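Just below is one structure, and these are the notes that go with it.
The values are calculated or read from the model by the stated rules, or taken from the named source; none is laboratory data. Remember, predicted model here, so these are calculated numbers, not experimental data. When we count neighbours, we look across all protein chains shown, and the Cβ atoms used for this are built from the backbone with ideal geometry, even at glycine.
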Amino acid sequence: MTLVNIISCSNITFASNMKIYLILTLILNLCLTVSGQINIVERSLSIGPTQQPITVDGLPDESAWANANETSGFWLQSPIDEVEAKDQAAVKMLYDDQNIYIYAELEDHDPHIVLSRERDNVDGSDAFYVTMDPVGTKTNGFLFAVSSEGVQFEALIYGNDADDSWDNKWYSATKVYNDRWIVEIAIPLKTLRYEEGENNWRINFGKDDPGENEIHVWNPVPRQFEPFDLGYFGKLIWEEPPVKKGSNIALIPYTAVRVNQVANSSISTEISFGGDLKVAIGPSLNLDLTINPDFSQVEVDNQITNLTRFNIFFPEKRQFFIENADVFSAFGQGIDQPFYTRRIGLDQRGNTVPITYGARLTGNVNEKLRIGVLNMHSQTTDVSLGQNYSAVALHQRIGARSLVKGLLLNRQSFNGSESISEGYSRNIAIETELSTNDGRWQATGGYLQSATPNSNGDDQMVHGGLFYNGQRFRAFIQGRKLGQNYTTDSGFTSRLENFNPITGSTERIGYAQIGSMLNYYIYPENSEKVNFHWSGIENFVWTTDIYGLTEWYTRIRHFIFYKNTSQLRFRLNNRYVELIFPFALTETPLPVDTYNMTEFNVDIRGDQRHLFIPNLFVVYGEFFNGNKLTILSSVKYRIQPWANFSFGLEYNDINLPEPYGDLNITALTGQIQFNFTNNLFWTNYLQHNTQADNFNINSRLQWRFAPMSDLFFVYTDNYAIENFFGPKNRSIVLKLNYWFSL
């Protein structure tokens, strides 16, 4: 009934689609009514002290390990749960006044799977991980993982997400045998944030076994959640609580030499210096400072074919902005976000804008309050004014896993050192995330208000949603509305700006979106080939303040996940579009009209464990007043563990009636990666996109000559393809950074 009211308020009267919504709502209400509470298990492990020095070499030859408490009894988490794993693992832990030590012996049989030696790349490889929540917040924690090849991965956990941009010093070693492998880990206490005197921490262990396509966990986690879900940790009981360690301060200076050439102009050379300072303030707060940051080693953006009427959302790849980013970015709904860090230090084309400095304070003030404070200043250049960006975020935990949070944003223009009185944009957000203790039910809601010098009302964003995560059923109903004058110069909005190719102007039009999804999972008990089936329906409706209904999108899908990691996916999509303005996809824009389009696609994904992995995705159907064939294919080949090769093709063949013409767009990608050792990597990207008329080469050699210290050599080149093959711009960068622990 609630959904019907929402639809009627939006003046949507399509009877057939109304039936879809009614059926979806009735099924959703039924499955939510019969759903029960998940039984949460909390296992425990005692950790004792050691006076004997521990050498991290993958060998438990110290007598202290023989006396340490041991735990085993790992459970399957995926593809099924509530079943003990066939290949088990045994874990022991010790500590001294400097480190926590972890020893794990994991049953596994040849061949051990290793996709890469590159640091932070353990996906798809045999790996062991430990997750910790020392403060017991159930909202954020730490994750440390090691592959059987000894590749390290660390991340900060927030809710259901893992931020893998976080880096810190810790130590590990592995030994691999035919029937098992062993990992030994030392994590410095000053790397972690914990309360002094607390002898109960929350912890879990996990094991990725790609050979069997399984995930194992020590403390049971239901399969519908991430294996590192913070609500399903066990207890780590200290014989004596760890004492507070001294300050954890890291200074990371860099120097870089850059050689640039634009088209056929003269070559320019510049030398830059800067660096980062990381300071641990108290048990759970981190202060990060950066002066004249350089991001030349960050991989280039993927060149994406855009067949829509709207801007593309590109992910952030710069480490300073990714680390702890969720405290600022977890506002808004979907890609409509008030804070989008790519607005800082990058123009709309992704070109670098120099940043003078940045400061960020993030972490927990106490067990329930998490904060984020950020200030960054970009330089004034010949083509753009300097900009100062400030953000303050507060996350207050209520109950076991719920939050109330707020955000303040301010962008201020500067001409040199003088601020421009009318050059500002501000946002305030108040939001909530409510969750049952087991994480099955979730609800969200938020109100955002913007302010600009020319603001004239209708400048709010409101959103809300209801989510259900069950074993068989998973579903959501959500909606958001953005006013015509809602402005976030520090963020991203997907549909407010509407381009009219006839006049060449852009018109701001407020809109609302209503979305719903219902998925059903089938887990065959005796199938020798299939892990599970996933069937579902999605529906999204967009209405505008001026024009009413403008788009309606419905997708029906069925996915099959096989035990050998291959997948087969089918989708049937229907899209109704009422163009507000002509759509300039070809030289002759498509006219303002109503379009009803149906398409079908098949997605085939190969066995990810094989050395040679093919993938194929084919879409065919109606496209406005014509039709479209899309083919995405890729092949991957690896020479385990030191080389990976992947090549991809995206081909779009669009046929439209006269006078609109046809359109053929091709995008080619290639990645060649050599991991000579665990500390020496050479990665090469090749991209060719006919829509952007660009051929790109990016080659990056990285030598990690000391812990968290790197030497980079990066070559980037862009060429125009149409009419002539000629250079657009190229650069060569040599960058050195070193991590000083103070």
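Criterion applied to Asp229, Asp288, Asp276 was being over 29 Å from Gly358 (Cα atoms) and within 29 Å of the chain's Cα centre (by Cα), and the one residue passing it is Asp229. When region 115-137 is filtered for residues that are under 30 Å from Ser44 (Cβ atoms), part of a loop (DSSP other than H, G, I, E, B) and over 20 Å from the mean Cα position of the chain (by Cα), the ones remaining, listed by number, are Asp126, Pro134, Val135, Gly136, Thr137.
Applying the set (1) assigned to a strand (DSSP E or B); (2) closer than 30 Å to Leu115 by Cα to Asn627 leaves exactly one unmet item: (2). For region 96-114, filtering for residues that are surrounded by fewer than 22 Cβ atoms within 10 Å (Cβ to Cβ), touching a helix residue (DSSP H, G or I) at 6+ places or on another chain (Cβ under 8 Å) and not in a loop (DSSP other than H, G, I, E, B) leaves 1.
Just one of (1) surrounded by 17 or more Cβ atoms within 10 Å (Cβ to Cβ); (2) more than 22 Å from Thr290 (Cα to Cα); (3) of a type in the set (S, T, N, Q) fails for Gln396. It is (1). Residues in region 242-259 that are modelled with pLDDT under 85, under 31 Å from the mean Cα position of the chain (by Cα) and surrounded by 15 or more Cβ atoms within 10 Å (Cβ to Cβ): Asn248 alone.
Okay, residues lined up against (1) within 20 Å of the chain's Cα centre (by Cα); (2) in contact (Cβ under 8 Å) with a residue 60 or more places away in the chain:
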{"residue": "His112", "(1), (2)": "no, yes"}
{"residue": "Ser147", "(1), (2)": "no, no"}
{"residue": "Ala162", "(1), (2)": "yes, yes"}
{"residue": "Ala186", "(1), (2)": "no, yes"}
{"residue": "Arg193", "(1), (2)": "no, yes"}
{"residue": "Glu212", "(1), (2)": "no, yes"}
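Within region 439-464, the set of residues being surrounded by fewer than 19 Cβ atoms within 10 Å (Cβ to Cβ) and not polar (S, T, N, Q) comprises Trp441, Ala443, Gly445, Tyr447, Ala451, Pro453, Gly457, Asp458, Val462, Gly464. Asn67 fulfils the conditions (1) in contact with a Ser or Thr (Cβ under 9 Å, 6 or more places away or on another chain); (2) modelled with pLDDT of 95 or more except for a single criterion, (2).
Is there any pair with a first residue in region 418-429 that is touching a residue at least 12 places away in the same chain (Cβ under 8 Å) and a second that is outside any strand (DSSP E or B) and surrounded by 13 or more Cβ atoms within 10 Å (Cβ to Cβ) whose Cβ atoms are under 6 Å apart and which are 6 or more apart or on different chains, and what are they? Final answer for the pair search is Ser425/Thr452; Ser425/Thr487; Ser425/Asp489; Asn427/Pro338; Asn427/Thr488; Ala429/Phe331; Ala429/Pro338.
A single entry from Ser505, Ser455, Ser450 fulfils the requirement of being within 29 Å of Ile546 (Cα to Cα) and touching a Ser or Thr at 6+ places or on another chain (Cβ under 7 Å): Ser450. Every condition in (1) surrounded by 18 or more Cβ atoms within 10 Å (Cβ to Cβ); (2) under 30 Å from Ile312 (Cα atoms); (3) hydrophobic (A, V, I, L, M, F, W, C) holds for Phe713 except the one numbered (1). The set of residues in region 713-742 that are β-branched (Val, Ile, Thr) and assigned to a loop (DSSP other than H, G, I, E, B) contains only Ile721. Take the residues in region 283-311 that are outside any loop (DSSP other than H, G, I, E, B) and buried (at least 18 other Cβ atoms within 10 Å of the Cβ), then tell me which one is modelled with the lowest pLDDT. Of everything passing the filter in region 283-311, Asn286 is modelled with the lowest pLDDT. Here Val327 passes the criteria (1) of a type in the set (Val, Ile, Thr); (2) more than 20 Å from the chain's Cα centre (by Cα); (3) in a helix (DSSP H, G or I) except the one numbered (2). On inspection, Gln484 qualifies as over 20 Å from Ser413 (Cβ atoms), surrounded by fewer than 19 Cβ atoms within 10 Å (Cβ to Cβ) and touching a residue at least 60 places away in the same chain (Cβ under 8 Å). If you check Ala280 against the conditions, is it aliphatic (A, V, I, L, M), modelled with pLDDT under 90 and more than 30 Å from Leu663 (Cβ to Cβ)? In short, yes. In region 48-70, the qualifying residues are those that are surrounded by 18 or more Cβ atoms within 10 Å (Cβ to Cβ) and not in a loop (DSSP other than H, G, I, E, B), and the one that is nearest to the chain's Cα centre (by Cα) is Trp65. There is at least one residue in region 716-723 that is under 29 Å from the mean Cα position of the chain (by Cα) and under 27 Å from Asn678 (Cα atoms). Taken across region 330-344, residues that are part of a loop (DSSP other than H, G, I, E, B) and either of a type in the set (Ser, Thr, Tyr) or over 30 Å from Gln460 (Cα atoms) (or both) do occur, with at least one present. It is to be established whether one or more residues within region 269-281 are in contact with a strand residue (DSSP E or B) (Cβ under 9 Å, 6 or more places away or on another chain) and either within 28 Å of Phe581 (Cβ to Cβ) or outside any strand (DSSP E or B) (or both). No, because not a single residue in region 269-281 is in contact with a strand residue (DSSP E or B) (Cβ under 9 Å, 6 or more places away or on another chain) and either within 28 Å of Phe581 (Cβ to Cβ) or outside any strand (DSSP E or B) (or both).
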